[in-house]
Every structure is written in C-alpha cells, then in structure tokens.
Amino acid sequence: MQKAFLRYTWLCIFCTASFFFTSCDGGNTYSPKPKAYNRIELPEHRYQQLPDSFPYTFEYSAHATILPDTSWIAEPYWINIYYPEMVANVQLTYKPLNGSEEKLKEHISDAYKLTTKHQIKASSIEEGIVRTPNGHVAVVNELEGEVPSQFQFFTTDSTEHYLRGALYFRTATQNDSLAPVIEYVKKDIIHMLNTLKWE
C-alpha cells in the first residue's frame with residue numbers, strides 16, 4: 001500500500017512539473033525573425049537642366065544637387081551629383097582632350113584601371129555600351145557584390161571631351177539592401193547620358 005502511495009506521489013510530482021515547464025513556454029517555440037530591410041520610398045523621376053557654365057550639359061535628377069568636387073585632386077568642371085535623401089553621390093570627372101589621341105588613350109586606360117580596382121570585392125563586373133540619341137557612345141560597368149562603387153561609366157567625342165562618372169553611397173548599408181536605390185540612380189545616369197551634349 002505504501003509503495004503504491006509513493007508511486008502515485010511521484011507520478012503527481014512528475015505531471016505537475018511537466019505541466020509547469022510546458023506552460024512556461026506558452027506552447028510556442030522561439031525562432032529568430034528573418035533579416036529584413038526598411039522599405040525605401042523612392043520619388044518619381046523628374047529632371048532639370050545642368051547650368052550652361054560647363055563644357056558639357058545634360059539633364060539630371062530634380063531630387064539631386066550639383067556640388068563642386070572639393071578633393072585635393074579636383075580639376076575644373078569636376079562635380080558631384082548628390083542625392084541627399086539617398087546619401088548617394090555620382091562623381092563626374094571631366095578632361096579636355098584638345099585633339100590629343102594620346103590623352104584619350106590615357107584617360108580610357110585610367111577608367112579601366114579604376115574599375116578593375118574593385119575586382120577584389122566584386123562578384124562580377126559586367127560591361128555594356130549605351131548608344132545615345134545624340135549619337136554618343138558610353139561604356140558602362142555594373143559591379144555586383146559589396147563594392148564601394150556599383151556603377152561606373154565614361155563617354156567621349158574622341159577629340160575634345162572626355163567624361164567619367166562613378167556612383168557611390170556614403171553609407172555602411174549593404175548593397176543588397178540598397179538595390180532599389182542603385183537601380184533608381186542608374187536610371188537617372190542613363191537619362192543623363194541620353195541627354196548629354198558637349199558645349
């Protein structure tokens with residue numbers, strides 16, 4: 001009789017403890033939430049004309065500001081097209097050719113060197129050609145991976161003008177979360193190239 005009572009007591013203790021531990025869990029097991037990114041609201045594309053004080057002109061985003069390049073290596077007509085809401089920056093460097101084929105080769109070589117510097121972090125670099133309504137040709141490079149510049153380009157009339165650009169973000173945010181913004185600014189850059197005219 002005493003053994004039966006002890007078995008019954010242990011059974012009650014076990015059931016009570018089991019009930020207590022499972023009720024603390026609330027019936028749910030913990031699972032981490034998947035990584036998510038903030039939703040990015042992008043404005044409609046609108047454009048404005050670059051002032052005519054440059055040896056080139058084009059339409060650029062109405063959501064951007066033209067800032068002079070203040071770096072120590074800056075030359076005349078080097079500018080930044082800065083998107084304050086997106087913390088994005090398109091750096092433009094201009095070089096006069098003055099009819100020199102040697103200068104043209106040098107600048108094109110430099111453009112490829114600057115792009116290939118990103119090979120260490122780039123998962124891919126895809127080159128393409130943009131032919132504009134004004135008869136210009138631009139070489140564009142799209143870079144994938146955690147690279148500091150995701151889109152680069154250069155264009156020239158082969159005799160007098162050379163223009164190179166690179167897209168940068170002043171943020172530590174990873175590029176996969178910036179993808180919609182990168183695509184947005186790329187569309188603006190293509191519009192810029194399509195409306196580019198040399199002065």
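Data table
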read-out	value
Local net charge near D188, Cβ-Cβ under 12 Å (Lys/Arg +1, Asp/Glu -1)	0
Surrounding net charge for E106, when Lys and Arg each add one and Asp and Glu each subtract one, Cβ distance under 13 Å	+2
Rounded accessible area of L178 (nearest 10 Å², 1.4 Å probe)	20 Å²
Order of exposure, largest accessible area first, which applies to R131, R170 with probe 1.4 Å	R131, R170
With all protein chains modelled, accessible area of V87 [1.4 Å, Å²]	50 Å²
Residues with amide H under 5 Å from that of H63, placed H, sequence gap 5 or more	R46
Within the accessible area of the range 103-157 (1.4 Å probe), percent carbon and sulfur	52 percent
I66 accessible area, 1.4 Å probe, all protein chains in place, Å² to nearest 10	40 Å²
By accessible area with a 1.4 Å probe, ligands and nucleic acids excluded, highest first: order of D188, D69, D110	D110, D69, D188
Loop-located GluC sites (Glu not before Pro) in the range 37-89, at most 11 other Cβ atoms within 10 Å (DSSP)	E41, E44
Per residue Cα convex hull volume in Å³ - calculated over the range 50-163	126 Å³
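The values are calculated or read from the model by the stated rules, or taken from the named source; none is laboratory data. Since the model is a prediction, treat every value here as computed from it, not as a measurement. Reconstructed Cβ throughout: ideal geometry from the backbone, glycine too, with neighbour counts over all protein chains shown. SASA here: full protein model, heavy atoms, side chains in, ligands and nucleic acids out. Shrake-Rupley method; radii C 1.70, N 1.55, O 1.52, S 1.80 Å.
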